[in-house]
Amino acid sequence: MRDTTQAPSGANGTLLSGAWPLFHEYDSLQKKGYEESKKVNGEPGLLENFLGALCDYDRTAGDLRREIFRTDEQGNLLRQQVKDSEDDVKSLQVEAKQEESRATIAIKQREEDIFDKKIEIRRIKNGDYGLIGNDANPANRLAFYICMTILIALTGYLILFYVSVIYNAFILDVGQAAQALADDSTGFSSMTIVNLSALPDVYYDYGVLGVIFLLSASFMFLGLGFLIHWLTHSKSWAWLVGLYVFTLVFDGFLAYEIVKKIYESQVMIGLVEGGAWHGLSMAIGNSVFWIILFAGFSMYIIWGLLLRYLLDEYYKIIPARVAIRHRKAQIKKMREEIVGIKKEMTIRVNALRQEAARIAQQHIGKLHNDIEKNDKALRDLRTGLKDDLAQSGFSYHDMQNRIVPFFTGWCQYLTERYENEAAPKVELCQAALNGFYRKIGMN
């Protein structure tokens, strides 16, 4: 047999053409494997280089084998890029789902807060002022609205009453009043208490300014009624008594003047017999004087007291209204936040999914196309190596007959060197051998 370990070789470590052995000497190759393993301490990463040099019987085979290794490594890199890109796609998809989940949680939280705020508003409207503060007192809303209705009606009454009274006291002509009494005796009551023609007559005689004077004069008594409320809260009792006295005296003067005009008009048309007006004694003795006095002054007092109660209850309602308005503003803000979250989530999720689709369709698709081209080139190279071997009269089986004893010697050194700890290193070397076979197409 021919010693293959002594066959002439080229400068690149390959066997020269014509040096391929016809018969393999197992022991010689095993010994060579043992010695080479010893030189590099059995390093698995260097085994592939020795296997290549062992099988590169000429320059062409060596070039083909190295090109196969390079192309295979390029294919591995492309597959790794595909894996990384697929991981990126999955990561983008997961991030999109997480974005949707975060938005859903945020929206649900705000919807729950909105529900809670609505419950609080309902509780406040039902008189639960514990949500407002310890100092807040619940208002009697039914009494408040009843008082408001009465006060509005009473305000209308006072305006009409004082418009009539002021007109009769300051503007009404005695001669016209006498003529009215002469024409229609029923005009007595309208002239004294409610003169429904006061505003039309003033407008006809004096225009808009007359109407403004008459209305503004009637509001003077409403202003006095408001002062009752203010003076009561400020506890200015002397001023409050003075206000009541002033209003009573002023109403008395109005009633006095009206009764005087009534008496004079009645004298003019002969309804009563008598001389000149005798002053306050005649007014006090006339029932009309007291009717006018108390019809105005008593309603004025009632109006002031109702206003005081209404404002006191309103002050109790104010904290509730503020609290309700504040909660409604919070609800509006949270609803706007929900719209913003949905919009932002949609934009973000669409961007993530579009990026994932772009990577899947463009980048990964191109990589798969490159892998197909690389695999085809690898198959062509393996076919070329196999054909080159066949032209020299050899096959992969002959190549394996050289590798097996060499690898056995390589692992023998590892077993002797590391003893019980050699198994992991032998496994790594076996993996390197299988990788070598795979790359050149032997399995």
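Pairs please, first residue from the range 360-372 and under 11 Å from Ser85 (Cα atoms), second anywhere and part of a helix (DSSP H, G or I) and open to solvent by 30 Å² or more (accessible area, probe 1.4 Å), Cβ atoms under 7 Å, 6+ apart in sequence or on different chains.
Ile364/Glu86; Leu367/Gln81
Quick check on Leu367: is it closer than 30 Å to Asp72 by Cβ and part of a helix (DSSP H, G or I)? I'd like the intermediate steps shown before the answer.
Values: closer than 30 Å to Asp72 by Cβ: yes; part of a helix (DSSP H, G or I): yes.
Yes, satisfied.
In the range 404-422, which residues are modelled with pLDDT of 85 or more and either open to solvent by less than 60 Å² (accessible area, probe 1.4 Å) or under 23 Å from Thr71 (Cβ atoms) (or both)?
Pro405, Phe406, Phe407, Thr408, Gly409, Trp410, Cys411, Tyr413, Leu414
For the structure I just gave you, tell me whether Thr232 is in contact with a Leu (Cβ under 9 Å, 6 or more places away or on another chain), surrounded by 17 or more Cβ atoms within 10 Å (Cβ to Cβ) and not aliphatic (A, V, I, L, M). Break it down stepwise before answering.
Details: in contact with a Leu (Cβ under 9 Å, 6 or more places away or on another chain): yes; surrounded by 17 or more Cβ atoms within 10 Å (Cβ to Cβ): no; not aliphatic (A, V, I, L, M): yes.
Considered against the rule, which asks whether it is in contact with a Leu (Cβ under 9 Å, 6 or more places away or on another chain), surrounded by 17 or more Cβ atoms within 10 Å (Cβ to Cβ) and not aliphatic (A, V, I, L, M), Thr232 comes out as no.
So which of Asn126, Asn76 is modelled with pLDDT under 80 and either open to solvent by less than 80 Å² (accessible area, probe 1.4 Å) or polar (S, T, N, Q) (or both)? Steps first, answer last, please.
On the way: Asn76 fails: modelled with pLDDT under 80.
Just one listed residue meets the conditions, Asn126.
Counting only residues that are without any contact (Cβ under 8 Å) to a residue 60 or more places away in the chain and under 30 Å from Glu421 (Cβ atoms), which one in the range 35-68 is surrounded by the fewest Cβ atoms within 10 Å (Cβ to Cβ)?
My answer is Lys39.
Quick check, is Gln81 farther than 30 Å from His326 by Cβ, within 23 Å of the chain's Cα centre (by Cα) and open to solvent by 70 Å² or more (accessible area, probe 1.4 Å)?
Details: farther than 30 Å from His326 by Cβ: yes; within 23 Å of the chain's Cα centre (by Cα): no; open to solvent by 70 Å² or more (accessible area, probe 1.4 Å): yes.
Spelling it out, it is not the case that Gln81 is farther than 30 Å from His326 by Cβ, within 23 Å of the chain's Cα centre (by Cα) and open to solvent by 70 Å² or more (accessible area, probe 1.4 Å).
All but one of (1) modelled with pLDDT under 80; (2) open to solvent by less than 20 Å² (accessible area, probe 1.4 Å); (3) out of contact with any Leu (no Cβ under 7 Å at 6 or more places or on another chain) hold for Val174; which doesn't?
So Val174 meets the others, but not (2).
Within the group Leu385, Leu389, which residue is open to solvent by less than 40 Å² (accessible area, probe 1.4 Å), in contact with a Lys or Arg (Cβ under 8 Å, 6 or more places away or on another chain) and under 26 Å from Glu36 (Cβ atoms)? Before the answer, list the steps.
Values: Leu389 fails: in contact with a Lys or Arg (Cβ under 8 Å, 6 or more places away or on another chain).
Within the list Leu385, Leu389, the selection yields Leu385.
Is there a residue in the range 391-402 that is among the charged types (D, E, K, R) and modelled with pLDDT of 75 or more?
So far as the range 391-402 goes, yes, one or more of its residues are among the charged types (D, E, K, R) and modelled with pLDDT of 75 or more.
Within the range 280-297, which residues are at pLDDT 75 or above, assigned to a helix (DSSP H, G or I) and either of a type in the set (Val, Ile, Thr) or open to solvent by 40 Å² or more (accessible area, probe 1.4 Å) (or both)?
Correct list: Ile284, Ser287, Val288, Trp290, Ile291, Ile292, Phe294.
The values are calculated or read from the model by the stated rules, or taken from the named source; none is laboratory data. If you're wondering where the values come from, they're calculated on a predicted model, not measured in any experiment. For neighbour counting, all protein chains shown are included, and Cβ atoms are generated from backbone atoms with ideal geometry for every residue, glycine included. Remember, those area values only see protein heavy atoms, side chains included, never the ligands or the DNA or RNA. Shrake-Rupley method; radii C 1.70, N 1.55, O 1.52, S 1.80 Å.
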